[in-house]
1. Would you mention how many residues in the stretch 15-56 are part of a strand (DSSP E or B) and closer than 20 Å to Y179 by Cβ?
2. If I filter the stretch 1-14 down to residues being in a strand (DSSP E or B) and within 16 Å of ligand 2 (Cβ to nearest atom), which single residue comes out as nearest to F168 (Cα to Cα)?
3. When you check V171 against the structure, is it surrounded by 21 or more Cβ atoms within 10 Å (Cβ to Cβ), in a helix (DSSP H, G or I) and of a type in the set (V, I, T), yes or no?
4. For the stretch 299-327: of the residues being under 17 Å from the mean Cα position of the chain (by Cα) and part of a loop (DSSP other than H, G, I, E, B), which is surrounded by the most Cβ atoms within 10 Å (Cβ to Cβ)?
5. Test T260 against the criterion of being among the hydroxyl-bearing types (S, T, Y), surrounded by 14 or more Cβ atoms within 10 Å (Cβ to Cβ) and within 18 Å of the chain's Cα centre (by Cα), and give yes or no.
6. Which residue is surrounded by the most Cβ atoms within 10 Å (Cβ to Cβ), if the candidates are limited to the stretch 273-298 and must be more than 16 Å from ligand 2 (Cβ to nearest atom) and under 19 Å from H114 (Cα atoms)?
7. Would you tally the residues in the stretch 126-154 being away from ligand 2 (no atom under 16 Å from the Cβ) and not acidic (D, E)?
8. Could you tell me which residue of the stretch 110-164 is surrounded by the fewest Cβ atoms within 10 Å (Cβ to Cβ), considering only residues that are away from ligand 1 (no atom under 14 Å from the Cβ) and closer than 15 Å to F213 by Cβ?
Amino acid sequence: MVVLGLESSCDDTAAAVLRDGRLVSSVVSSQDAVHGPYGGVVPELASRHHVRTVLAVIDAALARAEVTLDDVNGIAVTRGPGLIGSLLVGLSVAKGIALRRGLPLVGVHHLEGHLLAANLDREPGDAVAFPFLGLVVSGGHSGLYLARRPGDYACLGKTRDDAVGEAFDKVAKTLGLGYPGGPAIDRLARSGDPSAVRFPRARLKRGRFDLSFSGFKTAVWQYVRDHPPRPDDLPDLAASIQEALVDMLVVTTAEALDATGAERLVVSGGVSANRRLRTRMAELGEERGVEVIIPRPALCTDNAAMIALAGWPRLAAGESDGLAVEADAALPFGVAWSG
Ligand code: KG4
Ligand code: ZN
């Protein structure tokens, strides 16, 4: 079965082709250059840019897979959450193709895509076994989920304010590092001392697995105001910032592993491309005897292959949401975890 996946929930226009659950091609057109000058994603520009690029991205994904629309058996598209104008572009194109070609169409939750992305590098028979704990950390999301069975997810906690990627991006902006800031901090931090500056780590008592980054952001802003950094100071500062953010994620994840008894941990979303986070999570796994699975960086950031993979079982089972499927900017994910 050939599945065409589409993803346009934020600022990446992406299409991918999967054959029988195996990744054949994945094309991502980044809008970083469009939003860079503004230091963050401008929703109206994002949707306009999706409109401009989406057909070329689909054509490229089909061409790289050496298939045409005639070979496609079903379409999986992100239906939420995300920027509503951006979501509507991918969904409308998906509906247009489905209608014209008489193809089944399923709407996919973006976070389910991130949680399953690790399977794109594995054989379909060797998918990460359920149950597993999933940490999704990106520019739009920071949450911990217990994946109990396919389609059955429980939310242990999420951010009360910014997503961790947003925190990376905003403090990077404070330091004048450009957008997106996460990769810039990661790069600079490699030659810096993570213990140079001790930034606060938020610990929430109620909602134990919730995260919060607003206090941290203010602390960095105040530090930079009081100690304007010279270029030589930036590596130490970046390493200290990264260490604080990574600490918050590792401590909360460790507690969630203890509480759930999960034997596998999947870390995904754009921030899981971070080198320090990958190392620290691998160490955590060794300490606890937990298998840690982190997709390769290209599969951590937004892509359509993960959306195609998440939609594939439903398409293979003959399901279709049809043309009635709607975009939902705040599409909820997972029932509340009750322990
Ligand atoms: O998953 P993603 O591509 O898009 C969203 O769904 O948001 O994540 C983008 C986010 C940005 O905030 C970016 O700064 C962050 O992921 N990011 C990183 C790294 N690479 C991307 N953050 C820290 N270190 C990195 N190496
Ligand atoms: Zn994402």
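The values are calculated or read from the model by the stated rules, or taken from the named source; none is laboratory data. Computed from a predicted model, the values in this text were never measured in an experiment. Note: ideal-geometry Cβ built from the backbone for every residue, glycine included; neighbour counts use all protein chains shown.
1. So the count comes out to 3.
2. Looking only at the stretch 1-14, we keep the residues that are in a strand (DSSP E or B), and these are 2-7, 12-14.
Next, from what is left, pick out any that are within 16 Å of ligand 2 (Cβ to nearest atom): 5-7, 12-14.
Values: G5: 29, L6: 27, E7: 23, D12: 18, T13: 22, A14: 23 Å.
The residue in question is D12.
3. Working: surrounded by 21 or more Cβ atoms within 10 Å (Cβ to Cβ): yes; in a helix (DSSP H, G or I): yes; of a type in the set (V, I, T): yes.
Yes, satisfied.
4. A304
5. No; evaluated as a whole, the condition is false for this residue.
6. So the residue we want is M281.
7. Just the residues of the stretch 126-154 that are away from ligand 2 (no atom under 16 Å from the Cβ), to begin with: 126-133, 146-152, 154.
Still in the running and not acidic (D, E): 127-133, 146-151, 154.
Of the residues in that region, 14 qualify.
8. In this case the residue turns out to be R160.
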